[in-house]
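Only the coordinates and a few stated rules stand behind these numbers; no lab work does. These numbers come from a predicted model, not from an experiment. Note that we place each Cβ from the backbone using ideal geometry, even for glycine, and neighbour counts take in every protein chain shown.
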Amino acid sequence: MRIDLQNVDIDFPIYDARTRSLKHRVLGLGPPRVGPAGHHRVLVRALRGITMTLTDGDRLGLVGRNGAGKTTLLRVMTGIYEPVAGRLQVSGRVASLTNITMGMDMEGTGYENIVIRGLMLGLTRRQSLERVEDIENFTELGEYLNLPLRTYSAGMLVRLAFAISTSINPEILIMDEMIGAGDKAFAEKATKRLERMMASANILVVASHSSETLRRLCNKAALLRQGELIAMGPVGEILRRYESEN
Amino acid sequence: MLWERPTYEDEAQLSDAVLLPTRRSNYWLAWHDLFDASRHWRLILHLSWQDVRQRYRRSALGPLWLTVSVAVQIGSLGLVYGELFNLNLSVYLPHLAVGLTVWAMFAATINDGCLCFIAAESFLKQVALPKGIFPARVVLRSLITFAHDVVILVVVLAIYSPPSVLGVLASLLGIAIFAVNGLWIGLLFGLLSARFRDLAPIVGSVLQVAFFLTPVIWLESSIHGRMAVLLQLNPFAAFLSLVRDPLLSHMPSLQSFLIVAGITVVGWVATFLMFARFRGRITYWL
């Protein structure tokens, strides 16, 4: 398994109401442009010249202030943003645990949602069905799994979403902050399950503001600042540097 | 090759790898996106079914509600316009019933197609699903909604002008051809609407005008002279005639076939080129 980025740039075009409009584009209507460079799009460079290689066994923690490009970099690795320039190679089954309730159907029953969420996580129907027992045991929802999700409490919903999302075994696992579930008693069980999943992944990439979490989970860290990779190396060293800068 | 994609030997793993483009040609990637989307048919089915279900969620009449409201619309329009135009109901009502329901399917596909990526923002920004899933979801959703109205068509046609089996099959073929076009429409207009946010309302207005220029509430036979040219060149009329005429025991004109065939080919080629060029930009525009 391998993630390889060479000089990856990500630019976000920023559109205002006028550049968003086909009418303005085609007819050239609207008030005269103020300011320079009418036809130049405004670009925000989210990542600049990122070069890094991750291989089996790497557990990378991403650190940096808000807006440093951590989430964007995770999305690049997941395949959501394709690089504007540079090259990117990802080989391995990727899963991203960001929004664990994404795509859940409030009208569907718990069992139906196990299959639905599974489809979005890249499982086949059969693979999802094989995981039902494990999810039943973990969530302890019992008969509730036969009821539509709208009857669930917030805690029950998170428990189910968490159980489904952590029932897969990706080769490359990508996480934006740690996810957790439920009350204190449950949280411990959830952490254990999550850490088992992380341990079975060949490569882990996690962005977090918690140094303690990163020290525990990672062996490497990368420091981002304004879209640039400032430093990458052993987790302790990078975190010390990051903390001393803040 | 700078990046590799696993072969599809292992059917069990849908997302064996998410692979990111660098040096692969855009055409190759666009083709693979569409191919990959077809492998997600179960997800597409689920998403569109979920969309339909949300419309009749927990209402007393449930699925019937959609059908009843369309039936009322057809019944009242049929009586009023039949009287106004002084038409024979046995001719007018089947024409109107098929026309309105098929038009509703066209309009829903095109209008919702514009929003197919915008509405899926929460998905597209979280997981790297093939983009082709989303236009397919819209087309399937329109087909499912249309299937609700088939009950009305069965009743109206059984009373006034029972079609032949061949006619029904030909009409289904017409619907299938429309669905094939609905996919490129969703892909192209969805992509353009993600970039240009005023496109969807513009398309909506154009469709409203097109509704009146298409023989839905009026009959082809009531138009003469210069206006008839309008009818002959109207692509909506061509698509509608492919679905409706066989049900009403006419043959669609050769001209309708040619227009539809032309639109299908040109539409797909143009869409494929656009999709290949801008596929990777869609998530940036959301």
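Residues considered: A:PHE12, A:PHE138, A:PHE162. Largest GNM mean-square fluctuation over chain A, using C-alpha springs under 10 Å, is found at A:PHE12. In summary, the helical segments of chain B meeting the span-like criteria, namely a full DSSP H run, a Cα extent along the axis of 24 angstrom or more and a mean Kyte-Doolittle hydropathy of at least 1.6, are B:133-160, B:165-195, B:254-278.
Stretched out straight at 0.36 nm per residue, the stretch from A:ARG45 to A:ARG125 would grow longer than its current Cα-Cα span by 24.8 nm. Look at the stretch B:194-203: the mean tally of other chain Cβ atoms within 10 Å of its residues' Cβ atoms is 4.
Projecting label points 7 angstrom from Cα along Cα→Cβ for B:SER221 and A:ASP16 puts them 5.9 nm apart.
Our estimate of slack between B:MET251 and B:VAL165, defined as 0.36 nm per intervening residue step minus the Cα-Cα distance, is 29.6 nm.
Report Rg/Rh for the protein assembly as shown, rounded to two decimals, where Rg is the Cα radius of gyration and Rh the Kirkwood radius. Radius of gyration relative to Kirkwood radius: 1.03. So which residue, out of A:ILE14, A:ILE230, A:ILE100, gets the largest mean-square fluctuation from a GNM of chain A using Cα contacts under 10 Å as springs? Among A:ILE14, A:ILE230, A:ILE100, the largest mean-square fluctuation in the Gaussian network model of chain A belongs to A:ILE14. Once the Cα atoms are used to define both axes, helix A:235-245 deviates from the longest principal axis of chain A by about 50 degrees.
Modelled label positions at A:THR53 and B:LEU231, each set 7 Å beyond Cα in the direction of Cβ, lie 7.1 nm from each other.
Largest GNM mean-square fluctuation across B:ARG55, B:ARG42, B:ARG226, computed for chain B with C-alpha springs under 10 Å, falls on B:ARG226. Pop the C-beta distance of A:THR101 and A:HIS24 into the FRET formula with R0 = 51 Å and round what comes out to the nearest 0.05. In this case the efficiency is close to 0.85.
Compared with the dominant principal axis of the Cα atoms in chain A, helix A:184-200 is inclined by about 70°. The label point for A:ARG241 and the one for B:LEU173, both projected 7 Å from the Cα toward the Cβ, are 6.9 nm apart. What the Cβ-Cβ distance of A:ALA154 and A:THR213 gives, at R0 = 25 Å and to the nearest 0.05, is a FRET efficiency of 0.60.
Among the GluC sites (Glu not before Pro) in segment A:96-166, those placed in a DSSP loop whose Cβ has at most 16 other Cβ atoms within 10 Å are A:GLU107, A:GLU140.
Rounded to the nearest 20 debye, the dipole magnitude of segment B:26-285 is 840 debye, with +1 charges on Lys and Arg beta carbons, -1 on Asp and Glu beta carbons, and the Cα centre as origin. A:SER21 sits among other residues whose Cβ lies under 12 Å from its own Cβ, and their net charge, with Lys and Arg +1 and Asp and Glu -1, is +4. Across chain A, the mean sequence separation of Cα contacts (distance under 8 Å, 6 or more residues apart), normalised by length, yields a relative contact order of 28 percent.
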